[in-house]
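Read the figures in this text as sums done on the coordinates, not as results from a lab. Keep in mind that what you see is a predicted model, and the values were worked out from it rather than measured. Every residue, glycine among them, receives a Cβ derived from its backbone with ideal geometry; neighbour counts consider all protein chains shown.
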Amino acid sequence: MNRLFFLMVLVGVPISVAGSLLNWSQILMFIIYCVTIIALSAFMGRATESLAIHAGPRIGGLLNATFGNAVELIISIFALKAGMLGVVLASLTGSIIGNLLLVAGLSFLVGGIRFKRPEFNVYDARHNSGLLIFSVVVAFIFPEVFSIQLSERETLTLSIWIAIIMIVLYIAALIFKLVTHRGVYQHRSDKAAHDEEAEWSKLKAILVLFAATLAVAYVSERLVSTFETVGHTFGWTELFIGVIIVAIVGNAAEHASAVIMAFKNKMNVAVEIAIGSSIQVAMFVAPVLVLISLLFSKPMPLIFTLPELVAMVLSVILTIAVSIDGETNWFEGLTMLAAYLIMGVGFYFL
Amino acid sequence: MNRLFFLMVLVGVPISVAGSLLNWSQILMFIIYCVTIIALSAFMGRATESLAIHAGPRIGGLLNATFGNAVELIISIFALKAGMLGVVLASLTGSIIGNLLLVAGLSFLVGGIRFKRPEFNVYDARHNSGLLIFSVVVAFIFPEVFSIQLSERETLTLSIWIAIIMIVLYIAALIFKLVTHRGVYQHRSDKAAHDEEAEWSKLKAILVLFAATLAVAYVSERLVSTFETVGHTFGWTELFIGVIIVAIVGNAAEHASAVIMAFKNKMNVAVEIAIGSSIQVAMFVAPVLVLISLLFSKPMPLIFTLPELVAMVLSVILTIAVSIDGETNWFEGLTMLAAYLIMGVGFYFL
Amino acid sequence: MNRLFFLMVLVGVPISVAGSLLNWSQILMFIIYCVTIIALSAFMGRATESLAIHAGPRIGGLLNATFGNAVELIISIFALKAGMLGVVLASLTGSIIGNLLLVAGLSFLVGGIRFKRPEFNVYDARHNSGLLIFSVVVAFIFPEVFSIQLSERETLTLSIWIAIIMIVLYIAALIFKLVTHRGVYQHRSDKAAHDEEAEWSKLKAILVLFAATLAVAYVSERLVSTFETVGHTFGWTELFIGVIIVAIVGNAAEHASAVIMAFKNKMNVAVEIAIGSSIQVAMFVAPVLVLISLLFSKPMPLIFTLPELVAMVLSVILTIAVSIDGETNWFEGLTMLAAYLIMGVGFYFL
């Protein structure tokens, strides 16, 4: 797996540069960019992991939390710069429903087929439910309902307020998890982490992370520039590109590792990747993008379309109903995948 | 009770035939048809139960699941054939809120007055919550929200997709419950079933089931043809006839047995009848009706009216909040009945 | 604290009378009225507590339940009389979200900083969840959705029906808690109450309660008459005055005691005050106000504005997600405060 990704990077990056300079077909380049980003994000994941082990659990947790969705953040920033607000909001939606239903669902299905009733930390599950409800249900529904009666300017101001409150609470959540209540709710995954050895040395990890991030930034900018042509050619809307393409490309490496963890009966880690990543997108990536958008010509209020909002809220409710008891089975995984399929079909027709 | 039903069938079926041939008053016939169907469905229930015991728990569970809502399915098919889509959707709604709030509520009230804190299987309760949220909250809300922006044709295609996904998941739920995870979550009701003896021989049960189904089909067709006159005479809308009349007639026999079980402190069985039946209606009867409707001139998309959808979703949420801890009391039953009463008053005024 | 309140009453009441007779500035009087009501309601609270201890747990519970929101009820009646329906509905909203998010949130934060994982009665938490869902989610959403298709007259009739059903269920809830299931779910707070001694004699408590209620009634009427001027001067809408001012003034004394209890690790009592008070407002104060409004020229249907309804429903969902496991921590408190802040900003911009 790692070798394949290495090859993909070795071939993908030069071709990406060459192709964009030589004006190759946009459709072809779109595919090359996607594949290259997936391979690069696998490297970023491994580098972050190594660094986290060197840094110890606290700073390591912080690193994981910050760099976990770096690829998506980078792609979104270039989409913001290009004024494609619809793509950004759609990719946030796709990332949240994809992590919750597709990744967690597949993990539950795979883990549940191998083991009858895989368990995971019930305290984490409850802690995460509260965060999902705060971020997706409260902080996303609220501006939506109020914006009906507000002017565009007031809606943006309200969005900025909410974004700041969310980031502050996200930082508080990190303090809670890594400082004041670390180990209080028996984090088995933390304990496991103590035994692990870093794959790369500190220096190598920093260099890889730095180089891969630069490369991702370059390729992401090129990728965003192909969206218009790709949309026209395949008849895809901004919404579909965001919810499906960007969400899958931005999270592919993460997705793979969650399912592998579930297969190894490390359901705790799988759940942490899937649900933790959704929370990060909702509570950190989304509000940060709102604030960053103020630097560009088109500021982005935190107003999703109704289908996006409903898809996210329903995903949260189904995930909580399934995961709140701290154990799962193959059927619960299948239920989540069925819900994802229904949403996918819906967004395709939209 | 059984004798009374026997008499009702003995008298009701011939009178139904005679009355429909001799063109008696539609209002009178409407009442006779309703009473006859209730009596016949009691026989179908007993025949299914006997067959299920003969067939063993797996095939038996399948039989119960398939024939449990046969009467409602038959009435709905004739309503579909007559183009009364509004009645069909309303009767699905009435069936779901009636089973959840009226039947479960009455069972909790009756059981809770006799016994201080009647308990039931908490694993089943959680499993059922997931299914209710998937079917009612995800699969019913989704097409509703998307249909706002879709054409009629696209809405129907989306409905067909969702219907197929739901039926596949329903079959998976049966495999989960009857094959891969049977007994894993201590189904006390299953264990109890082993001790029971079948009331009727296999042959007798099959014959009764066959004859009763035929009779129900005949009377149902006649019943549907009286709806227009009945509606005009009493000033009832399609909605009210569906939510109240069809739902009560189609489920009366089942309702009675749930409450009797609760009275005997077999709360597990009562909950299984009430909540299990709602899940069946939502995940099996509703999507099957969507597919069957394609054979008739007016296809039926899975789009409920807003009050119907809200009533179902609120019923699901209240039921889950009340039942998720695996025990109940008279006050929780009363709360559910109060919610049913509020909805009943609402639909009456609509 | 008690001395301060005594001084405030001693000075506030005469000044209130003098100021209203001498036509002092409305803005000044608005502030004096608010402060006086807060001080008076502290006295009412102490008198009720003393009476409750004299009367024994059953009648005492009833007294607490009835007089707990007396101040708010009185202010609202005068607002109804003045035809300010918007203020009344907004103050109900403010009272519910304030009790749930601000009071419970602050209690969890304060208790959670002092003690790592403060616990409270999990049975009460579940019982309360059911009531919150019944009252806020079912009984408030329902008339809202149905009123879209109903005439004004029908909406009012539906509201009256729902109000009566809610009051009946509220009385049943008191019977459940104080009679049939008292002590069944180990009410630690009840047990603690047995040890407490009344602060005042029975006679003194009755006299104080009587005098304070009279004084509150007088000052409340004056307070309502200042709303128009205050709104004009500060540019506040009826909505903002109701959600923020009336809600805080009407509940301030209660708020303080909940937080003090949390600080003393009596989290059970704090939760009972915060969540119990919301339930009382939703299930008793709101429907009683609907019925009382029929005596005045402008009857009040139970129809909130969409932002109000959404704010209440989201508060209930977040509170249940956080409190359902019977334990808490500082971060959960902070999450609730963050949600309150978001709502506060939203209502300010509206």
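Positive contributions from Lys and Arg (+1) and negative ones from Asp and Glu (-1), summed over other residues with Cβ under 15 Å from the Cβ of B:VAL313, come out at -3. Mean sequence separation of contacting Cα pairs (under 8 Å, at least six apart), scaled by the length of chain A, corresponds to a relative contact order of 41 percent.
According to the square roots a ≥ b ≥ c of the eigenvalues of the Cα gyration tensor, what is the shape class of chain C, taking rounded for a/c under 1.5, prolate for a/b larger than b/c otherwise, and oblate for the remainder? In terms of gyration-tensor shape, rounded.
Counted as membrane-span-like here are DSSP H helices of chain A whose alpha-carbon atoms extend 30 Å or more along the helix's own axis and whose Kyte-Doolittle mean is 0.0 or above; these are A:26-55, A:152-175, A:202-234. Taking C:ALA163, C:ALA198, C:ALA212 in turn, the Gaussian network model of chain C (Cα-Cα springs below 10 Å) assigns the largest fluctuation to C:ALA198. Please check chain C for the longest run free of trypsin sites (Lys or Arg not before Pro) that are loop-located per DSSP (anything but H, G, I, E, B) and have at most 15 other Cβ atoms within 10 Å. Here the longest run is C:1-115. Think of it as helices only: each DSSP H run of n ≥ 4 in chain C is worth -39500 (n - 2.57), and spread over all residues that comes to -24500 deg cm²/dmol at 222 nm. Put simply, the amide H of B:GLU327, placed in the peptide plane, has neighbours under 5 Å in B:PHE120, leaving out anything fewer than 5 places away on its chain. Annotated for chain B: lysine pairs at least 8 residues apart or interchain, Cα distance under 27 Å, count 13.
When a/c is below 1.5 the answer is rounded, else prolate if a/b is larger than b/c, else oblate, so apply that to region B:1-141 with a ≥ b ≥ c taken from the square roots of the Cα gyration tensor eigenvalues. In terms of gyration-tensor shape, prolate. Site-free segments of chain C were taken between chymotrypsin sites (Phe, Trp or Tyr not before Pro) in DSSP loops having at most 14 other Cβ atoms within 10 Å, sites themselves excluded; the longest one is C:25-295. Just check the protein assembly as shown against the gyration tensor rule for me: Cα atoms, a ≥ b ≥ c as the square roots of the eigenvalues, rounded for a/c under 1.5, and otherwise prolate or oblate depending on whether a/b exceeds b/c. Oblate, because a/c is 1.5 or more while a/b does not exceed b/c.
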